[in-house]
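K.L.:
A single structure is presented below for examination.
The values are calculated or read from the model by the stated rules, or taken from the named source; none is laboratory data. All values derive from a computational prediction rather than experimental measurement. Cβ atoms come from the backbone with ideal geometry, glycine included; neighbour counts cover every protein chain shown. All accessible areas refer to the heavy atoms of the entire protein, side chains included, with ligands and DNA or RNA removed. Shrake-Rupley method; radii C 1.70, N 1.55, O 1.52, S 1.80 Å.
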Amino acid sequence: MISVARCCGCLTCQLEPAGVGLVGENVLFGMGNPLLDICAVVDKDFLDKYGLKPNDQILAEDKHKELFEELVKRFNVEYHAGGSTQNSVKVAQWMIQSPYKAATFFGCIGTDKFGEILKNKTEEAHVDAHYYEQSDEPTGTCAACITGDNRSLVAHLAAANCYNKEKHLDLEKNWKLVEKAKVYYIAEAASLAREQGFETEDIKEIAQKAQALPKVNPKRQRIVVFTQGKDDTIMATENEVTAFPVLDSDQSEIIDTNGAGDAFVGGFLSQLVYDRLLTECIRAGHYAASVIIKRSGCTFPEKPDFH
């Protein structure tokens, strides 16, 4: 089994290497907060009406309740399956290509039209999504309000926070999918250094300290990987800390960096399921991120060009 976790803006991979073998359906399992991304080019009046800054990321407040419906009614919108973990799983499936449904995703949505759209979008991405559906909260959404080169993101988690383990994960048919997987990815919300009291901001030192944290199974070493945007990716093993430069990109080609971290994870996981070298996993992560930042949202062309 190989387990992978993500911490804030950095990717923290705690891997327990084992032979994965050939890739089949449901080899990769992801679980997190699913959101329906609703993207549209809007005008300044729309931003002003809801108190939005042109280039910002916020959680929705009461004053934003009507924003999502108005966005759909007034503007030409595009829908995408979103949320950090779901983005990563989606990118991994794109990188893997075949078989379809190599990636599985669990999360919670509402029984509403946005939930139906989200299900259709994950199906289009060939991800095997199994959602816990409930009617108390609406499907989580993220409005991407585009003005020129700026994107104002407003996330309404709603149903994404309502996952019920007993009513979904513990069901025999769902747990069989968990057991079928070889690689597991779950995004975390805490800052690793602060949570562990490392008292340093040096990324290499944090990676080294994270690698040395106690493990339940001491027979398998932990490997930690941190991403840092345009700066080097850091990998810490038991014996060394290594820096990997990211791919150079023409600044004029960069459109949207918001999905870069999720894309790196997806690319990384796409090679991890094949049990390939970690250096190759990182190379795939860098490739996926370099593709996504040249497009709007966490989207990609029909097929990858990764060799």
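K.L.:
Out of the helices (runs of 4 or more DSSP H) lying entirely within the range 186-304, which hold 2 or more residues that are at pLDDT 80 or above and open to solvent by 40 Å² or more (accessible area, probe 1.4 Å)?
P.N.:
Numbers: elements: 192-196, 203-211, 260-272, 278-292.
Correct list: 203-211, 278-292.
K.L.:
Just to be sure I understand the filter: pairs with C-beta atoms under 7 Å, separated by 6 or more residues or on different chains, first member in the range 167-178 and free of Cβ contacts under 8 Å to residues at least 40 places away in the same chain, second member among the hydrophobic types (A, V, I, L, M, F, W, C). Which pairs pass?
P.N.:
Here the result reads TRP175/LEU169, each pair linking the range 167-178 to a residue that is among the hydrophobic types (A, V, I, L, M, F, W, C).
K.L.:
If you don't mind, another one. For the range 30-85, what are the residues that are in contact with a strand residue (DSSP E or B) (Cβ under 8 Å, 6 or more places away or on another chain), closer than 30 Å to ASN164 by Cβ and in a helix (DSSP H, G or I)?
P.N.:
HIS64, LEU67, PHE68, LEU71, VAL72, SER84, THR85
K.L.:
Within the range 102-114, which residues are surrounded by 16 or more Cβ atoms within 10 Å (Cβ to Cβ), assigned to a loop (DSSP other than H, G, I, E, B) and not aliphatic (A, V, I, L, M)?
P.N.:
From the range 102-114, those surrounded by 16 or more Cβ atoms within 10 Å (Cβ to Cβ) are 102-110, 112, 114; that's our starting set.
Filter once more, so that each one left must be assigned to a loop (DSSP other than H, G, I, E, B): 102, 112.
Of everything in the range 102-114, just one residue is surrounded by 16 or more Cβ atoms within 10 Å (Cβ to Cβ), assigned to a loop (DSSP other than H, G, I, E, B) and not aliphatic (A, V, I, L, M), namely ASP112.
K.L.:
Tell me which of these ARG151 doesn't satisfy, since it passes every other one: (1) in a strand (DSSP E or B); (2) open to solvent by 30 Å² or more (accessible area, probe 1.4 Å); (3) not β-branched (Val, Ile, Thr).
P.N.:
The failed condition is (2).
K.L.:
Yes or no: the range 158-168 includes at least one residue that is open to solvent by 20 Å² or more (accessible area, probe 1.4 Å), small (Gly, Ala, Ser) and under 21 Å from the mean Cα position of the chain (by Cα). Walk me through it before giving the result.
P.N.:
At the first step, the residues of the range 158-168 found to be open to solvent by 20 Å² or more (accessible area, probe 1.4 Å) are 161-167.
Still in the list and also small (Gly, Ala, Ser): none.
No, the conditions are met nowhere in the range 158-168.
K.L.:
Follow-up. Search the range 90-109 for residues being in contact with a helix residue (DSSP H, G or I) (Cβ under 6 Å, 6 or more places away or on another chain) and not small (Gly, Ala, Ser), and hand back the single one that is farthest from ASP275 (Cα to Cα). Quick ask: steps written out before the conclusion?
P.N.:
To start, the set of residues in the range 90-109 that are in contact with a helix residue (DSSP H, G or I) (Cβ under 6 Å, 6 or more places away or on another chain) comprises 91-92, 95-96, 102-105, 108-109.
Now narrow it down to the ones that are not small (Gly, Ala, Ser): 91, 95-96, 104-105, 108-109.
Details: VAL91: 18, MET95: 15, ILE96: 13, THR104: 18, PHE105: 20, CYS108: 30, ILE109: 32 Å.
Ranking the qualifying residues of the range 90-109, first place goes to ILE109.
K.L.:
Another question, if that's okay. Please indicate, with yes or no, whether at least one residue in the range 54-67 is touching a Ser or Thr at 6+ places or on another chain (Cβ under 6 Å) and open to solvent by 60 Å² or more (accessible area, probe 1.4 Å). Show your work before the answer.
P.N.:
Taking the range 54-67 first, the residues touching a Ser or Thr at 6+ places or on another chain (Cβ under 6 Å) are 54, 56.
Next, only the ones that are open to solvent by 60 Å² or more (accessible area, probe 1.4 Å) stay: 54.
For the range 54-67, residues touching a Ser or Thr at 6+ places or on another chain (Cβ under 6 Å) and open to solvent by 60 Å² or more (accessible area, probe 1.4 Å): present.
K.L.:
Does VAL91 meet the test of being surrounded by 21 or more Cβ atoms within 10 Å (Cβ to Cβ) and under 15 Å from the mean Cα position of the chain (by Cα)? Full working, then the answer.
P.N.:
Values: surrounded by 21 or more Cβ atoms within 10 Å (Cβ to Cβ): yes; under 15 Å from the mean Cα position of the chain (by Cα): yes.
Taking the combined requirement at face value, the residue satisfies it.
K.L.:
Do we have any residue at all in the range 129-146 that's open to solvent by 10 Å² or more (accessible area, probe 1.4 Å), small (Gly, Ala, Ser), out of contact with any Gly (no Cβ under 9 Å at 6 or more places or on another chain) and in a loop (DSSP other than H, G, I, E, B)? First the steps, then the outcome.
P.N.:
First, pick out the residues of the range 129-146 that are open to solvent by 10 Å² or more (accessible area, probe 1.4 Å): 129-138, 142, 146.
This time we only want the ones that are small (Gly, Ala, Ser), so: 129, 135.
Checking which are out of contact with any Gly (no Cβ under 9 Å at 6 or more places or on another chain) leaves us with none.
No, the range 129-146 contains no residue that is open to solvent by 10 Å² or more (accessible area, probe 1.4 Å), small (Gly, Ala, Ser), out of contact with any Gly (no Cβ under 9 Å at 6 or more places or on another chain) and in a loop (DSSP other than H, G, I, E, B).
K.L.:
Let me ask another. Does LYS121 fit the bill of being modelled with pLDDT of 95 or more, more than 19 Å from ASN33 (Cβ to Cβ) and not in a loop (DSSP other than H, G, I, E, B)?
P.N.:
Working: modelled with pLDDT of 95 or more: yes; more than 19 Å from ASN33 (Cβ to Cβ): no; not in a loop (DSSP other than H, G, I, E, B): yes.
No, not satisfied.
K.L.:
So which residues in the range 165-185 are of a type in the set (Lys, Arg) and modelled with pLDDT under 90?
P.N.:
Step one: list which residues in the range 165-185 are of a type in the set (Lys, Arg), which gives 165, 167, 173, 176, 180, 182.
Within the range 165-185, none qualify.
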